[in-house]
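Quick notes on the structure that follows.
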Amino acid sequence: MGIKYGGFGIVSQLVILLLSIAVAVYGDLPPKIFDVTKYGAVANGKTDASQAFLRAWRDACRYYGRSRVWIPKGTYFVGSVTFEGPCNGPIAFLIKGTLKAPTNPQHFLTDTWIGFRYVDSLTVKGGGYLDGQGASAWKFNNCHTNPQCRTLPATLRFDFLTNSKLSHIRSINSKNTHINIFACNFMEISNMRITAPSNSPNTDGIRIGSSNQISISDSVIQTGDDCIAMVSGSQNINITGVACGPGHGISVGSLGRNHEHEYVMNINIRNCTFFASDNGVRIKTWAPSLTSLASNITFQDIQMINVRNPIIIDQQYCPYSTCLEAESAVQIENVLFKNIWGTSSTKVALNMQCSGALPCKNVNLININLAYRGRRGHALALCSHVLGSTSGQQNPPGCL
Ligand SMILES: *[C@@H]1O[C@H](CO)[C@@H](O)[C@H](O)[C@H]1NC(C)=O
Ligand SMILES: *[C@@H]1O[C@H](CO)[C@@H](O)[C@H](O)[C@H]1NC(C)=O
Ligand SMILES: *[C@@H]1O[C@H](CO)[C@@H](O)[C@H](O)[C@H]1NC(C)=O
């Protein structure tokens, strides 16, 4: 018996040794390529490549080691597809070509055009295009008037990913949100170009919810809705080097509509530029609302060029239904606006309408210099229920 156990011990040690060699080696071996054209994808812009993409993904995902799904140059027609993990090694999805979404309305019944779920160490990059062909769908985005409206598909949906990267992709004319991040941890997004017309409905650039440790950098976002929106459960998020506009700005919220104890916290937005956007930096909460929290939010080193509402806190957000005269129950606290300069296209350059029931706490304004771009008059600050402090330049003055 003793010998048998001893033998087993040696075998298991050997297995562990071999495994650790394999793990050490993966890092240096070139990744194994899974070319979608070898799986039947045809780059003619017409033949549905969805099944070929899924088969290439399945083999790449099963591969023990680094793998790459490779989409060569050319235009591929792709229906709604979701690539699922977990995979056996780090996996990259390299888009060199252009992927075109369907325009047939029966494809609009899903919430995803291209999805990735339950993957660790995923990289999506390659310099290619995702063309959502949104113009065919925007007229169905009629939720203001039609209670049975459909949820149109997001161009890219990342759900339950960890340690992943997205970079060097151009997303154009999404039907709904361009990139939706849900329940992801440790994710880097950089060098993206996201565009849709300024009047296209609900085409948020990047929307983040229930996610932790996300960074977005060096990207250009021009859309018909928020450039970046951080909704419930967003925490530890850094945004730097983003050029936003046209669009509705970089927003925290809206918060407080659906669930109690929603929160957004530890958000850092730095070195960004807004061009002719509707809003610059915004925090919005519903009124009436459920109890929620927006805390530790910094907006720093930000230039506004002809922005309609450069700095805005709106605790009376209620765009659709007939709103009640009610106060928001979302606490906004520890908010820093520092080094924010440029021009406002309306007189009210600084607008903070906090909740009468729960005033904003510890709001700090440091070196604000926003000029009204119109002919007559100066920029104004309109603030109510805001507690905090100011230092350095304050133009417009008189908020706190
Ligand atoms: C955000 O920036 C801070 C300070 O530079 C850094 O410590 C932190 O790791 C960053 N977080 C992410 C998710 O990039
Ligand atoms: C600010 O962002 C721009 C890109 O928009 C980048 O070129 C520049 O290096 C950044 N500056 C700092 C100090 O991070
Ligand atoms: C806000 O930041 C402070 C100081 O960094 C920290 O002590 C506090 O826990 C943070 N609050 C939240 C809600 O994360």
Pairing a residue in segment 63-81 that is in contact (Cβ under 8 Å) with a residue 60 or more places away in the chain and farther than 13 Å from Val124 by Cβ with any residue that is of a type in the set (Gly, Ala, Ser) and part of a loop (DSSP other than H, G, I, E, B), where Cβ atoms lie under 9 Å and the two sit 6 or more apart in sequence or on different chains, gives Ser80/Ala101
Reported set for segment 276-294 where residues are over 19 Å from the mean Cα position of the chain (by Cα), free of Cβ contacts under 8 Å to residues at least 60 places away in the same chain and not in a loop (DSSP other than H, G, I, E, B) is Trp286, Leu293
Contact list, first residue from segment 26-40 and within 16 Å of Gly126 (Cα to Cα) and outside any strand (DSSP E or B), second anywhere and modelled with pLDDT of 95 or more and among the hydroxyl-bearing types (Ser, Thr, Tyr), beta-carbon distance below 6 Å, six or more apart or interchain, is Pro31/Ser67
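Out of curiosity, is Gly233 on the phi > 0 side of the Ramachandran plot, touching a strand residue (DSSP E or B) at 6+ places or on another chain (Cβ under 9 Å) and more than 16 Å from ligand 3 (Cβ to nearest atom)?
In short, no.
Among the residues in segment 254-261, are any away from ligand 1 (no atom under 16 Å from the Cβ), in a strand (DSSP E or B) and of a type in the set (Asp, Glu)? Before you say what the answer is, go through the steps one by one.
Initial filter on segment 254-261 (away from ligand 1 (no atom under 16 Å from the Cβ)): 254-261.
Checking the rest, the ones that are also in a strand (DSSP E or B) come to 254-255.
Then keep just the ones that are of a type in the set (Asp, Glu); that gives none.
No: zero hits.
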Of Asn236, Asn268, the only residue that is within 16 Å of ligand 2 (Cβ to nearest atom), over 23 Å from Pro396 (Cα atoms), assigned to a strand (DSSP E or B) and within 19 Å of the chain's Cα centre (by Cα) is Asn268
Flagged in segment 241-251 as outside any loop (DSSP other than H, G, I, E, B) and either away from ligand 1 (no atom under 16 Å from the Cβ) or of a type in the set (Lys, Arg) (or both), in numbering order, are Ala243, Cys244, Ser251
Being within 16 Å of ligand 2 (Cβ to nearest atom) and either of a type in the set (Val, Ile, Thr) or touching a Ser or Thr at 6+ places or on another chain (Cβ under 8 Å) (or both) narrows Ile297, Ile332, Ile302, Ile313 down to just Ile302
The residue that is nearest to Ile194 (Cα to Cα), considering only those in segment 224-240 that are within 16 Å of ligand 1 (Cβ to nearest atom) and surrounded by 19 or more Cβ atoms within 10 Å (Cβ to Cβ), is Ile228
In this structure, does Thr151 turn out to be touching a residue at least 40 places away in the same chain (Cβ under 8 Å), more than 22 Å from Gly85 (Cβ to Cβ) and under 12 Å from the mean Cα position of the chain (by Cα)? no
Among the residues of segment 189-202, is any surrounded by 18 or more Cβ atoms within 10 Å (Cβ to Cβ), touching a Pro at 6+ places or on another chain (Cβ under 6 Å) and either under 22 Å from Cys272 (Cα atoms) or touching a residue at least 40 places away in the same chain (Cβ under 8 Å) (or both)?
no
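The values are calculated or read from the model by the stated rules, or taken from the named source; none is laboratory data. Note that the coordinates shown come from a computational prediction; the quantities given were computed from them, not determined experimentally. Ideal geometry is used to build each Cβ from the backbone, glycine not excepted, and the neighbour counts take in all protein chains shown.
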